[in-house]
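Step one of this worksheet: look at the structure below.
The values are calculated or read from the model by the stated rules, or taken from the named source; none is laboratory data. Quantities reported herein were computed from a predicted structural model and do not represent experimental measurements. Every residue, glycine among them, receives a Cβ derived from its backbone with ideal geometry; neighbour counts consider all protein chains shown. Ligands, DNA and RNA are stripped out before the accessible areas are found, and what is left, the full protein with its side chains, is counted by its heavy atoms. Shrake-Rupley method; radii C 1.70, N 1.55, O 1.52, S 1.80 Å.
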Amino acid sequence: MDKVRAAAGDRKREYRVEELAEAAGITTRTLRFYRERKLLQPPRKEGRIAWYGEEHLARLRMIGELLERGHTLGGITELIGAGESGRDVAELIGLEAAIVAPWSDETPVRLDWDELKSAFGDQLTEENTAESIAQGYISVGEAGITHVSRRLMDATRELVAEGVPLAAVLEASRRTQEHVDAIAEIFIEVVSEHLLSALAADTPLPPGEATRLTERILRVRPLARTVADAQFALAMDRRVHVEYAELLRQRRENGSEA
């Protein structure tokens, strides 16, 4: 016998609590827990019987998907509280995905100890290895290491091959990391203050605002990388000219003394 109740006319399918839990693949205890946490809309009452509709089933399935993605029940409650319709919640999820999506597209690379010894020779010391670990770029295993970025590892090997000591490369990496963290902080402040300030408000976002913010974030991300790249190139131009002029000055002084 079909447990799903079909109402007369154009009324949508409805479920008793046990039927809804079975359709959603959860227990009735979990369903009631979701109701207590206000994750589920109130049912339609008919006397002492509670009837749930397709919107309740859709909400339960969405909760299950969010839990699988790693969201906590508290976070799901906030999302649902920000917009009661499934569409609003989906928009907020899309906004969250745009905000926390990775900026880097680096590919990890694994090197065994023989490859590392061939690349770095006697510079493959405990001190240099420890420094690499401290910077967060490598993890060490019995067979070798895994570097988070093939590009950075390739650049390191080529710099060492050109005569730059590995310790100097690591020191430059550490100092660079401090500066790029500061640059990232500047961009975060600009975006938070001028693009995402609505998220800090206590009031729910207006309809469609999450979608608009998502589109803004997706447009701004490549612009931020463009600005950082252009600023670095211009800074290199300035520094190279200054350093070269200083080098010429020193050569002239040395020549005159000779």
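Summary table below
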quantity	calculated
Residue within the range 173-185 that is modelled with pLDDT under 95, more than 19 Å from the chain's Cα centre (by Cα) and among the small types (Gly, Ala, Ser) present	no
Residue identified as on the phi < 0 side of the Ramachandran plot, among the hydrophobic types (A, V, I, L, M, F, W, C) and in contact (Cβ under 8 Å) with a residue 12 or more places away in the chain among Ala210, Ala233	Ala210
Residue in the range 185-200 that is part of a helix (DSSP H, G or I), under 24 Å from Val100 (Cα atoms) and touching an Asp or Glu at 6+ places or on another chain (Cβ under 7 Å) present	yes
Selected residue (only one of Leu20, Leu40 is of a type in the set (A, V, I, L, M), modelled with pLDDT of 90 or more and either surrounded by fewer than 17 Cβ atoms within 10 Å (Cβ to Cβ) or within 16 Å of Ile63 (Cβ to Cβ) (or both))	Leu20
First in the range 92-108 and in a helix (DSSP H, G or I), second anywhere and among the small types (Gly, Ala, Ser) and surrounded by 14 or more Cβ atoms within 10 Å (Cβ to Cβ), Cβ under 6 Å, 6 or more apart	Leu92/Ala82; Leu92/Ala210; Leu95/Ala210
Residue satisfying condition, being open to solvent by less than 50 Å² (accessible area, probe 1.4 Å) and either touching a residue at least 40 places away in the same chain (Cβ under 8 Å) or farther than 26 Å from Pro108 by Cα (or both), within set Ala224, Ala228	Ala228
